[in-house]
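To start, the structure itself, in structure tokens.
The values are calculated or read from the model by the stated rules, or taken from the named source; none is laboratory data. Just so it is clear, the structure is predicted and the values come from calculations on it, not from any experiment. So basically every Cβ, Gly included, is an ideal-geometry build from the backbone, and we count neighbours across all protein chains shown. Keep in mind that these areas ignore ligands, DNA and RNA; they rest on the heavy atoms of the full protein, side chains included. Shrake-Rupley method; radii C 1.70, N 1.55, O 1.52, S 1.80 Å.
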Amino acid sequence: MFDAAPLWATVILPVALVFAAAVTAGFDAVLSASAARGRSGSMREMGTRAAAPLREVLRLLVQQPRRTVAADSALGRTGVVLVPVAAVLAGAVLPLGFRSVSDPAVGIVWFNAMEALAWAAVWLTGWGPNSALSLMGGYRFLAQGLAYELPHMFAITTAALGAESLRVGDVVAAQDGLWFAVWMPVAFIVYLLSAMAMSFWGPFDHPLGRDAAGGAAAELAGVDRLVFLGGRWLLMVVTAGVSVPLFLGGGHGPLLPAWAWTLVKTALVLAALVAGRRLLPTLRMERYTEFAWLVLVPATLLQALVVAVVVLNR
């Protein structure tokens, strides 16, 4: 069980998540610029490229919102706001070292429940503008969720099974000496795939697909678009961060303090997710759905069975 974090950590958490999301977006901007214009030879040019997300934030802050005919603005904006809210609430169980804002007995269930809230948020965002393209994006996220959610649930349940607890602190404590990623590789890989799907990133960017003019975000502009896309980055940061206590030993590690190990591991997972967008093409959803049901679900069930046998024979 983790030590209780001070009360001010509740205020610091969303700020820290936004900072991590901004750094990740800057890293992605550098990679995108390098791919388009070649590598930069100067630190000044690197800084200019990394600041591209900040310039986009400033542009969206002064951009006028877009109106569509017969739109349900309240419903759409509820969805927009719920995306970052779901990410921050999911991050409440995210530990820094051996401390977290909250370490409830059902922390893993809480994290999974906030993922379900993100489902509703993206769908509402697509439904609200009364636009075919945005509605298509919302439904794409639901279809995508049906493909990734079940293997994802089995993956995080396997980590809980290995620790014999749904408390995140207990899962980290169970990895003192051996990370779960070492003897639960299938669950870890499936979790990373579902982390990209949950944040509709990389090969799972169908909900915001260019072929649908941006999908769920097609009619968003100004602050609405900033909040929605910012929430998407927050979702990626939180899902990457939760992989550390579930599979990478949390704050366990030699020499460095526990909080430093948490940051290093999270940064490496985020870098892998950002790079994954460039290494993997967008997947046709019907093919991934077939792959998920025929391969990932049986594989994660088999992984859970192996872990259950080990736990029973301890």
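Keeping to region 240-253, report how many residues are more than 15 Å from Phe180 (Cβ to Cβ) and free of Cβ contacts under 8 Å to residues at least 60 places away in the same chain.
1
Mind checking which residues of region 61-78 are outside any loop (DSSP other than H, G, I, E, B), under 19 Å from Pro207 (Cβ atoms) and in contact (Cβ under 8 Å) with a residue 60 or more places away in the chain? Talk me through it step by step, then tell me what you get.
So the first thing to find is which residues in region 61-78 are outside any loop (DSSP other than H, G, I, E, B), and the list is 61-62, 73-78.
Still in the list and also under 19 Å from Pro207 (Cβ atoms): 75-78.
Residues satisfying the conditions are Gly76, Arg77.
Just a yes or no: is a residue in region 70-81 closer than 25 Å to Leu273 by Cα, open to solvent by 40 Å² or more (accessible area, probe 1.4 Å) and of a type outside the set (S, T, N, Q)?
yes
In the set Val182, Val171, which member is surrounded by fewer than 21 Cβ atoms within 10 Å (Cβ to Cβ), of a type in the set (A, V, I, L, M, F, W, C) and over 17 Å from the mean Cα position of the chain (by Cα)?
Val182
From (1) farther than 30 Å from Gly138 by Cβ; (2) over 17 Å from the mean Cα position of the chain (by Cα); (3) in contact (Cβ under 8 Å) with a residue 60 or more places away in the chain, pick out the condition that doesn't hold for Val106.
Just one mismatch for Val106, condition (1).
Taking the condition open to solvent by 30 Å² or more (accessible area, probe 1.4 Å) and at pLDDT 90 or above, does Trp119 pass?
Considered against the rule, which asks whether it is open to solvent by 30 Å² or more (accessible area, probe 1.4 Å) and at pLDDT 90 or above, Trp119 comes out as no.
Conditions tested, residue by residue: (1) open to solvent by 10 Å² or more (accessible area, probe 1.4 Å); (2) over 16 Å from the mean Cα position of the chain (by Cα); (3) among the aromatic types (Phe, Trp, Tyr); (4) under 20 Å from Ala163 (Cβ atoms).
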position: Gly231; (1), (2), (3), (4): no, no, no, no
position: Val237; (1), (2), (3), (4): no, no, no, no
position: Ser243; (1), (2), (3), (4): no, no, no, yes
position: His252; (1), (2), (3), (4): yes, yes, no, yes
position: Val264; (1), (2), (3), (4): yes, yes, no, no
position: Ala272; (1), (2), (3), (4): yes, no, no, no
position: Ala292; (1), (2), (3), (4): no, yes, no, no
position: Leu296; (1), (2), (3), (4): yes, yes, no, no
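Counting only residues that are β-branched (Val, Ile, Thr), in contact (Cβ under 8 Å) with a residue 12 or more places away in the chain and within 15 Å of Leu193 (Cα to Cα), how many does region 268-310 have?
6
When you go through Gly162, Gly97, Gly138, Gly128 one by one, which is the residue that is surrounded by 18 or more Cβ atoms within 10 Å (Cβ to Cβ) and within 19 Å of the chain's Cα centre (by Cα)?
Gly138 is the lone residue from the list that is surrounded by 18 or more Cβ atoms within 10 Å (Cβ to Cβ) and within 19 Å of the chain's Cα centre (by Cα).
If Leu248 meets every condition in (1) in contact with a Leu (Cβ under 9 Å, 6 or more places away or on another chain); (2) open to solvent by 10 Å² or more (accessible area, probe 1.4 Å); (3) closer than 25 Å to Val57 by Cα; (4) modelled with pLDDT of 90 or more apart from one, which number is that one?
Against the list (1) in contact with a Leu (Cβ under 9 Å, 6 or more places away or on another chain); (2) open to solvent by 10 Å² or more (accessible area, probe 1.4 Å); (3) closer than 25 Å to Val57 by Cα; (4) modelled with pLDDT of 90 or more, Leu248 comes up short only on (3).
Being within 13 Å of Leu280 (Cα to Cα) and surrounded by fewer than 24 Cβ atoms within 10 Å (Cβ to Cβ) is the filter here; which residues of region 197-216 pass it?
Trp201, Gly202, Pro203, Asp205
So Ile12 fits all but one of (1) under 30 Å from Pro254 (Cβ atoms); (2) part of a helix (DSSP H, G or I); (3) touching a residue at least 12 places away in the same chain (Cβ under 8 Å); what number is the exception?
Every condition holds for Ile12 apart from (3).
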